[in-house]
Amino acid sequence: MQYDVIVVGGSYSGMAAALQLLRARRKVLILDAGVRRNRFASHSHGFLTQDGINPAVIAQTARAQLLAYPTLTFKETQAISASGTLDAFEVTDKEGSVHKGRRVLFATGVADQLPEIEGLPELWGQHVFHCPYCHGYELDQGRIAVIATGPNSLHQGLMLPEWGPTTFFTNRAIDLDDQMRRDLAARNVTIEEAPILQLSGGLEIQLDDGRTLSFAGGFTAPRCAPSSRIAETLGCETEVTPFGEQIRTSAGKETTIAGAFACGDAAKVPHSVSLAVADGAWAGANIHRTLIF
């Protein structure tokens, strides 16, 4: 069977794109490995009508709604390579099946490259976050830690006082110049330069000088990269942003390969569920237009 569109990645942006195409009665195949970026979080915030809902429930509800459309095929598998050209793409999955489509959409999401701090992976998405709009309110104006990963972390340090008294941990990841220190001081941010040994609880930060400081929660700015390199197997170019690496796209979400598109966290910044859904819907509409005109 040849599909109109093969969507690689069945999370929020991929399903939002598929919905537009299904409502145009196009044949869509979604290949999904089932590894959502926000699988570590218990609640999703900032998404209108879904505020506070478990992100897994949002994904499950979306999938159930898509499956009501008869032109959808949803396969739980990992797509490993893509080849071909406009109107004649092929995507191979890990079982060796080859799927044919006129268009392909990469909605693979990203993987977070967390700073190497003991205890951080266990707290990620529960007590340490990357987006204050998604998780800052729930800290109830308690003490907030910002763990630096590089120059981009200064932006977090200046933002977070909106949500509570903030301590900025340089953690040997950033050298603050005089202007940076003045900017942080203007926001009443405490600067802590002792290196971090480990994180625990919800949230205790143990420093190498023996102190342990307690916070309502913390934020850090991990570097991101597409969670799959499949777009590159087709020849799609990537680009570097302050947040990491992403797939390069046009305003209409087309990659550098004609007929291949990308959306969601893998193809835009900044990142959130609501922004991913919007980006996916825009990609789906633009793909549909190329199938018509």
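Rule-based calculations on the coordinates, nothing more; no lab input. Note that the coordinates shown come from a computational prediction; the quantities given were computed from them, not determined experimentally. When we count neighbours, we look across all protein chains shown, and the Cβ atoms used for this are built from the backbone with ideal geometry, even at glycine.
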* To do: Sticking with the crude label model, points 7 Å out along Cα→Cβ, report the distance from ARG23 to ARG229 in nm, one decimal please.
  => 3.8
* Asked: Relative to the longest principal Cα axis of the chain, at what angle does helix 273-292 sit, 0 to 90 degrees, rounded to 10?
  -> 20
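Please state the relative contact order of the stretch 163-266 as a whole percent: Cα pairs under 8 Å, 6+ residues apart? Please list the in-between numbers first.
Details: 128 pairs, mean separation 15.8, N = 104.
That works out to 15 percent.
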* Structure fact -> Ordering 129-135, 262-268 by per-residue average of other C-beta atoms within 10 angstrom, highest first, gives 262-268, 129-135
* To do: Compute all pairwise cysteine Cβ distances in the chain, then list the cysteines with no distance under 4.7 Å to another cysteine.
  => CYS224, CYS236, CYS263
* **Local net charge near THR71, Cβ-Cβ under 12 Å (Lys/Arg +1, Asp/Glu -1)** => +3
* Asked: For the chain, what relative contact order do you get, as a whole percent, if you take Cα pairs closer than 8 Å and at least 6 residues apart?
  -> 22
* To do: Enumerate the amide H contacts of TYR3 below 5 Å, restricted to partners 5 or more residues apart or on another chain; note that Pro and chain-start residues carry no placed amide H.
  => LYS100, GLY101, ARG102
* To do: Largest first and to the nearest Å, give the Cα extent of the stretch 8-154 along each principal axis.
  => 53, 33, 25
* Rg/Rh ratio calculated on Cα atoms of the stretch 125-182 (Kirkwood radius) -> 0.96
* What is the Cα centroid distance between the stretch 123-145 and the stretch 182-196, reported in whole angstrom? -> 18
* Highest average packing first - 11-21, 206-216, 160-170, Cβ atoms within 10 Å -> 11-21, 160-170, 206-216
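Could you work out the local net charge near CYS263, counting Lys and Arg as +1, Asp and Glu as -1, over the other residues with Cβ closer than 11 Å to its Cβ? List each step's numbers first, then the result.
Working: positive: LYS253, LYS268; negative: GLU254, ASP265, ASP279.
Taking every other residue near CYS263 into account, the sum is -1.
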* Asked: For the chain, what is the mean residue ellipticity at 222 nm derived from helices alone (per DSSP H run of n ≥ 4: -39500 (n - 2.57); sum divided by total residues; nearest 500 deg cm²/dmol)?
  -> -7000 deg cm²/dmol
* Excluding ALA276 itself, calculate the net charge of residues whose Cβ lies under 10 Å from the Cβ of ALA276, where each Lys or Arg counts +1 and each Asp or Glu counts -1. => 0
* Could you tell me which of rounded, prolate or oblate describes the stretch 122-220, using a ≥ b ≥ c as the square roots of the eigenvalues of the alpha-carbon gyration tensor, with rounded for a/c under 1.5 and, failing that, prolate when a/b is larger than b/c and oblate otherwise? => oblate
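Over the stretch 122-220, calculate the relative contact order: mean separation of alpha carbon pairs under 8 Å at least 6 apart, over the residue count, as a percent.
Details: 188 pairs, mean separation 34.4, N = 99.
35 percent.
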* Any idea how far the Cα center of the stretch 166-180 sits from the one of the stretch 209-280, in Å? -> 25
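What order, most packed first, do the peptides 72-82, 98-108 have when packing is the mean number of other Cβ atoms within 10 Å of each residue? Present the calculation step by step, with values, prior to reporting the outcome.
Working: 72-82: 17.2, 98-108: 25.0.
Ranked by mean Cβ neighbours within 10 Å, highest first: 98-108, 72-82.
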